[in-house]
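Colleague: Okay, handing you the structure first.
The values are calculated or read from the model by the stated rules, or taken from the named source; none is laboratory data. A quick note: this is a predicted structure, and the numbers were derived from the prediction, not measured. A quick note on method: Cβ atoms are made from the backbone with ideal geometry, for glycine too, and the neighbour counts reach across all protein chains shown.
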């Protein structure tokens with residue numbers, strides 16, 4: 001007889017999910033279920049990815065050799081968040097993990113690390129960033145994991161930018177003090193851009209302001225750390241233009 005766990009764990013799986021699909025877990029995921037959570041054969045697990053949605057599966061093999069399960073019932077379709085990219089300059093590891101985690105929870109569709117003139121951390125662990133995004137999606141009940149792109153130089157990103165996607169950047173010199181008012185008239189697709197810990201250089205800021213698809217947003221009278229500014233602007237944009245209210249995803 002199958003037993004129902006008090007809380008059914010969720011796992012992102014990079015595999016095709018369908019009724020009757022037999023799934024063999026990676027060693028780390030199998031260890032988590034059987035050793036950390038002490039799950040056994042017959043226990044339920046919710047599995048998902050960004051293509052096939054979320055499924056209820058049951059463990060069929062919980063041996064030391066492998067942990068396997070079978071998909072049985074689709075619970076939900078994949079649900080991409082609003083079409084909002086998040087561009088950010090990498091920061092130190094622990095704070096970078098925090099930014100990636102919160103950007104996932106706040107519904108960013110793509111995460112795009114950028115190298116600016118004042119970026120201190122130019123090398124990032126992409127495997128770690130993607131794992132952090134997957135784990136955040138598992139925890140926040142999101143049936144989608146944001147795409148994490150390889151880092152690029154900021155100048156190269158702007159050079160090939162699609163002008164149909166408005167770019168919102170945090171700027172303490174923005175002329176409109178009210179961030180919600182500054183966002184009026186914009187719609188998806190969008191991108192949010194947060195500079196490095198030392199801020200954008202004067203050359204970068206002037207270049208941004210010269211571009212027709214860029215909108216500068218002021219975040220109030222206090223100086224924020226880069227990770228704090230990222231949380232603030234993502235929340236403002238989601239409330240005004242994303243899926244927190246009556247706005248529909250695109």
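Colleague: Taking the options 106, 111, 87, name whichever one is closer than 27 Å to residue 46 by Cα and in contact with a strand residue (DSSP E or B) (Cβ under 7 Å, 6 or more places away or on another chain).
Modeller: Values: 106 fails: in contact with a strand residue (DSSP E or B) (Cβ under 7 Å, 6 or more places away or on another chain); 87 fails: closer than 27 Å to residue 46 by Cα.
Only one candidate qualifies: 111.
Colleague: Also, quick follow-up: State all residues of region 1-28 that are modelled with pLDDT of 95 or more and not in a loop (DSSP other than H, G, I, E, B); if no residue qualifies, say none.
Modeller: Of everything in region 1-28, those that are modelled with pLDDT of 95 or more and not in a loop (DSSP other than H, G, I, E, B) turn out to be 10, 11, 12, 22, 23, 24.
Colleague: Further, regarding this structure: Any residue at all in region 41-63 that is part of a helix (DSSP H, G or I), surrounded by 13 or more Cβ atoms within 10 Å (Cβ to Cβ) and under 21 Å from the mean Cα position of the chain (by Cα)?
Modeller: Among the residues of region 41-63, not one is part of a helix (DSSP H, G or I), surrounded by 13 or more Cβ atoms within 10 Å (Cβ to Cβ) and under 21 Å from the mean Cα position of the chain (by Cα), which makes the answer no.
Colleague: Just the residues that are in contact (Cβ under 8 Å) with a residue 40 or more places away in the chain and surrounded by fewer than 16 Cβ atoms within 10 Å (Cβ to Cβ), please, taken from region 114-135.
Modeller: 118, 120
Colleague: I would also like to ask the following. Hey, can you tell me all the residues within region 227-250 that are modelled with pLDDT under 90 and surrounded by 14 or more Cβ atoms within 10 Å (Cβ to Cβ)?
Modeller: Keep residues of region 227-250 that are modelled with pLDDT under 90, which gives 244-250.
Within region 227-250, 244, 247, 249 qualify.
Colleague: Hey, another quick one. Sort out which residues of region 142-163 are within 22 Å of residue 201 (Cα to Cα) and either surrounded by 14 or more Cβ atoms within 10 Å (Cβ to Cβ) or under 12 Å from the mean Cα position of the chain (by Cα) (or both), and write them in order of number. Can you show your working first?
Modeller: Restricting attention to region 142-163, the residues satisfying the condition of being within 22 Å of residue 201 (Cα to Cα) are 151-161.
Matches in region 142-163: 151, 152, 153, 154, 155, 157, 158, 161.
Colleague: Can I ask one more? How many of the residues in region 193-212 are surrounded by fewer than 17 Cβ atoms within 10 Å (Cβ to Cβ) and either over 15 Å from residue 88 (Cα atoms) or touching a strand residue (DSSP E or B) at 6+ places or on another chain (Cβ under 6 Å) (or both)?
Modeller: Counting residues in region 193-212 that are surrounded by fewer than 17 Cβ atoms within 10 Å (Cβ to Cβ) and either over 15 Å from residue 88 (Cα atoms) or touching a strand residue (DSSP E or B) at 6+ places or on another chain (Cβ under 6 Å) (or both) gives 8.
Colleague: Mind listing just one residue for me: the one in region 116-130 that is assigned to a loop (DSSP other than H, G, I, E, B) and out of contact with any helix residue (DSSP H, G or I) (no Cβ under 9 Å at 6 or more places or on another chain) and, of those, nearest to residue 206 (Cα to Cα)?
Modeller: Step one: of region 116-130, the residues assigned to a loop (DSSP other than H, G, I, E, B) are 116-125.
Remaining after also requiring out of contact with any helix residue (DSSP H, G or I) (no Cβ under 9 Å at 6 or more places or on another chain): 120, 122-123.
Working: 120: 21, 122: 23, 123: 26 Å.
Here the residue is 120.
Colleague: Sticking with this one: For region 100-110, state whether one or more residues are more than 19 Å from residue 191 (Cα to Cα) and either surrounded by 19 or more Cβ atoms within 10 Å (Cβ to Cβ) or without any contact (Cβ under 8 Å) to a residue 60 or more places away in the chain (or both).
Modeller: If we filter region 100-110 for residues that are more than 19 Å from residue 191 (Cα to Cα), which is where we start, we get none.
There is no residue in region 100-110 that is more than 19 Å from residue 191 (Cα to Cα) and either surrounded by 19 or more Cβ atoms within 10 Å (Cβ to Cβ) or without any contact (Cβ under 8 Å) to a residue 60 or more places away in the chain (or both).
Colleague: Being more than 26 Å from residue 223 (Cα to Cα), in contact with a helix residue (DSSP H, G or I) (Cβ under 9 Å, 6 or more places away or on another chain) and not in a strand (DSSP E or B) is true for just one of 133, 103. Which residue is that? Break it down into steps so the answer makes sense when it comes.
Modeller: Details: 103 fails: more than 26 Å from residue 223 (Cα to Cα).
Unique residue meeting the criteria: 133.
Colleague: Restricting the search to region 129-166, which residues are more than 30 Å from residue 8 (Cα to Cα) and touching a strand residue (DSSP E or B) at 6+ places or on another chain (Cβ under 8 Å)? Talk me through it step by step, then tell me what you get.
Modeller: Keep residues of region 129-166 that are more than 30 Å from residue 8 (Cα to Cα), which gives 149-166.
Once the filter is applied, which keeps residues that are more than 30 Å from residue 8 (Cα to Cα) and touching a strand residue (DSSP E or B) at 6+ places or on another chain (Cβ under 8 Å), region 129-166 yields 149, 150, 151, 152, 153, 154, 157, 161, 165, 166.
Colleague: May I pose another question? Could you check how many residues of region 188-213 are in contact (Cβ under 8 Å) with a residue 60 or more places away in the chain and either assigned to a loop (DSSP other than H, G, I, E, B) or more than 16 Å from residue 168 (Cβ to Cβ) (or both)?
Modeller: The initial filter retains those residues of region 188-213 that are in contact (Cβ under 8 Å) with a residue 60 or more places away in the chain, namely 188-201, 203-204.
When the remaining residues are screened for being either assigned to a loop (DSSP other than H, G, I, E, B) or more than 16 Å from residue 168 (Cβ to Cβ) (or both), the result is 188-189, 195-201, 203.
The number of residues fulfilling the criteria is 10.
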